[in-house]
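A short write-up of the structure that comes next.
Rule-based calculations on the coordinates, nothing more; no lab input. The structure displayed is predicted, hence computed values, not measured ones. Cβ atoms come from the backbone with ideal geometry, glycine included; neighbour counts cover every protein chain shown.
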Amino acid sequence: MKGKQEADASTFHSASAPDYIPAPLLRDLQLKRLRSIVRLAYERVELFRQRLEERRIVPDDIRRLEDIASLPFTVKTDLRDTYPFGLFACPLEEIVRLHASSGTTGKPIVVAYTKEDVDVWTNVMVRTLASCGLGPGDVIQNSYGYGLFTGGLGAHYGAEGLGATVIPMSGGNTDRQIMVMRDFRVTAICSTPSYFLHLIERASELGIDMHELPVRAGVFGAEPWTDSMRRHIEAHSGIKAYDLYGLSEIVGPGVACECCRQDGLHFFEDHFYPEIIDPATGATMPDGEEGELVLTTLSKRAMPMIRYRTRDITAFITSPCSCGRTLRRMRRVSRRSDDMFIIRGINVFPSQVESALLQVEGTLPHYQIILTREKGLDEMEVQIEVTPEIFSDKIGALEQFEAQLMDSLERVLGIRVAVRLVEPHSIQRSEGKAKRIIDKRNA
Ligand SMILES: [Zn+2]
């Protein structure tokens with residue numbers, strides 16, 4: 001990278017070059033883009049202008065990057081309340097793509113892209129796949145769902161932009177996925193981690209050992225997963241499993257991704273400005289402390305998002321990464337405040353349950369949390385699949401194993417909950433995002 005110090009960011013040509021941009025240049029670029037996007041949103045988005053006026057702020061008040069903290073947050077309900085097109089900053093003639101995500105309740109949220117926005121999205125996905133060690137010559141099976149969900153097309157454009165060979169599989173049809181993976185000599189796969197687990201398992205039933213296939217990398221996202229899950233996936237398939245982060249409200253997949261070090265996710269900071277806040281007060285957290293991730297799109301024209309509250313809990317990693325990228329990193333997101341549930345007054349995240357279970361030898365990473373209410377009291381039962389060896393053990397041994405899992409859960413959660421061991425394959429497999437919680441408390 002010698003001699004690039006003097007260059008302006010726009011003179012970098014190779015797609016991954018912005019990953020190595022010197023920090024002062026990056027800050028200049030971010031400030032320039034932030035000022036421009038705040039002005040665009042102020043001039044074109046009614047809701048944003050009203051909120052700035054209430055605070056007596058004008059776009060020119062943004063003089064330094066830190067001034068972003070004076071801007072109002074955007075939350076998911078803002079997208080619902082302005083359904084479908086209320087947050088667009090462009091006339092429909094300039095919009096080339098719409099995506100939508102179905103919420104669990106009420107109206108979906110709609111997101112829009114101009115031609116330039118699609119190019120930026122492709123660019124960050126190219127950099128994502130490159131940071132996972134992929135390039136031309138790779139055969140990438142894209143098992144993210146195609147359609148209104150951003151996962152499929154996001155990964156597709158990125159893989160094509162990278163110059164790799166893309167197989168647009170979409171989700172589902174598991175046996176055919178495995179046949180294609182073997183016959184087309186697939187070297188990398190994009191999917192949710194839980195769907196890939198399902199593929200590993202089904203392949204083994206079909207007598208195919210993933211270790212023998214050419215597949216060597218998985219780019220997994222769209223649901224929170226833990227390091228224990230990563231270790232399980234890697235041990236049972238022989239691939240390297242990378243964590244990809246994104247959300248439709250910001251761009252889709254491609255906001256941040258792990259590099260070869262698999263030690264935190266680099267933000268594509270030239271396009272997305274990350275902050276970590278205290279979810280209770282909204283105040284900026286000291287660097288390195290855990291809080292809620294807030295993102296601002298720095299270049300999105302169709303639908304700029306200013307200080308969008310993701311509900312994802314993470315922290316910045318303050319040390320530089322040994323891969324040489326200058327982009328800031330965050331710890332992997334294994335918790336979403338949306339997934340949290342409260343049981344007997346204790347806050348519980350599914351990821352805590354996952355890591356407690358997978359610490360015990362003999363468990364399989366298929367589990368479900370069942371919440372019920374009996375006589376006004378909340379009850380939690382964790383159903384977990386165990387290996388056939390454990391399951392065929394004597395009753396006494398099973399009870400002992402159950403108690404071991406209950407202890408492990410109690411250490412992590414601080415409460416004692418019920419555990420039920422179930423046979424392999426008894427928990428329903430998902431072809432997209434795994435359903436971890438069944439809440440029957442208000443049924
Ligand atoms: Zn790195």
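Which value results when the Cα radius of gyration for the chain is divided by 2.2 N^0.38 Å? The value comes to 1.02. Evaluated at q = 0.28 Å⁻¹, a Debye calculation over the C-alpha positions of region 15-86 (equal weights, vacuum) places log10 I(q)/I(0) at -1.27.
On a 23 Å Cα-Cα criterion, which of the cross-link pairs LYS107/LYS375; LYS76/LYS300; LYS76/LYS440; LYS394/LYS433; LYS32/LYS115; LYS76/LYS240 come out too long? Correct reply: LYS107/LYS375; LYS76/LYS440; LYS394/LYS433; LYS76/LYS240.
Using θ = phi - 60° and the Karplus curve 6.51 cos²θ - 1.76 cosθ + 1.60, what whole-Hz ³J(HN,Hα) does each residue of region 338-355 get, with Gly and Pro shown as x? Values per residue, Gly and Pro as x: 5, 7, 5, 10, 10, 10, 6, x, 9, 7, 10, 10, x, 5, 5, 5, 4, 5 Hz. With the charge dipole of the chain set up from +1 on Lys and Arg Cβ and -1 on Asp and Glu Cβ about the Cα centre, the Cα lying farthest toward the positive end among the listed residues LEU371, HIS236, PHE272 is that of PHE272.
Rounded to the nearest Hz, the phi-derived 3J(HN,Hα) couplings of region 265-274 under the Karplus curve 6.51 cos²θ - 1.76 cosθ + 1.60 (θ = phi - 60°) are 10, 7, 7, 7, 5, 6, 10, 9, 9, x, where x marks glycine and proline. Measure nothing but the geometry: give the 0 to 90° angle between the long axis through the Cα atoms of 150-162 and the longest principal axis through the Cα atoms of the chain, rounded to 10°. For 150-162 against the chain, the angle is about 70 degrees. The length gained on full extension between ARG216 and THR387, counted as 0.36 nm times the residue separation minus their Cα-Cα distance, comes to 59.0 nm. Counting only alpha carbon atoms, the long axis of helix 174-183 and the longest principal axis of the chain meet at about 70°.
The helix-based estimate of mean residue ellipticity at 222 nm for the chain, built from -39,500 (n - 2.57) per DSSP H run of four or more residues and divided by its residue count, is -9500 deg cm²/dmol to the nearest 500. What the phi angles of region 72-85 give under the Karplus curve with 6.51, -1.76 and 1.60, with θ = phi - 60°, is a coupling list of x, 6, 10, 10, 4, 5, 4, 5, 5, 5, 9, 3, x, 10 Hz, glycine and proline written as x. Near the amide H of GLY171, within less than 5 Å, lie the amide hydrogens of GLY145, TYR146, all on another chain or at least 5 residues away, with H placed in the peptide plane.
What angle, in degrees between 0 and 90 and rounded to the nearest 10, separates the Cα long axis of helix 23-44 from the longest principal axis of the Cα atoms of the chain? Tilt relative to the chain: about 80 degrees. Per-residue extension of 0.36 nm, minus the Cα-Cα distance of SER337 and ALA23, leaves a gain of 109.9 nm for this segment. If you take the Cα centroid of region 42-72 and the Cα centroid of region 147-165, the two points sit 34 Å apart.
Computed over the chain with a Gaussian network model linking Cα atoms closer than 10 Å, the most mobile of GLU53, GLU402, GLU201 is GLU53. When restricted to Cα atoms, region 373-438 yields an Rg and a Dmax of 13.6, 38 Å, respectively. Counting Lys +1, Arg +1, Asp -1, Glu -1, what net charge surrounds GLY207 among other residues with beta carbon under 14 Å of its beta carbon? Surrounding charge for GLY207 is -3. Using only the C-alpha atoms, the convex hull of region 297-360 corresponds to 163 Å³ per residue. Summarising the amide proton neighbourhood of THR74: residues at separation of 5 or more, or on other chains, whose placed amide H is nearer than 5 Å comprise TYR308, ARG309. Annotation: amide H of ARG216 within the under-5 Å range of ALA188, sequence separation 5 or more or interchain, hydrogens built in the peptide plane.
Estimated from the Cβ-Cβ distance and a Förster radius of 25 angstrom, the FRET efficiency linking THR82 and ASP61 is about 0.55. Largest GNM mean-square fluctuation among THR387, THR174, THR74, using the chain with Cα springs under 10 Å: THR387. If the segment from LYS107 to GLU46 were pulled out straight at 0.36 nm per residue, it would be longer than the present Cα-Cα gap by 19.9 nm. Comparing PRO91, PRO59, PRO350 in a Gaussian network model of the chain, where Cα atoms under 10 Å apart are tied by springs, the biggest mean-square fluctuation is seen for PRO91. Between ALA283 and ARG420, the simple spin-label model (points 7 angstrom out along Cα→Cβ) gives 4.6 nm.
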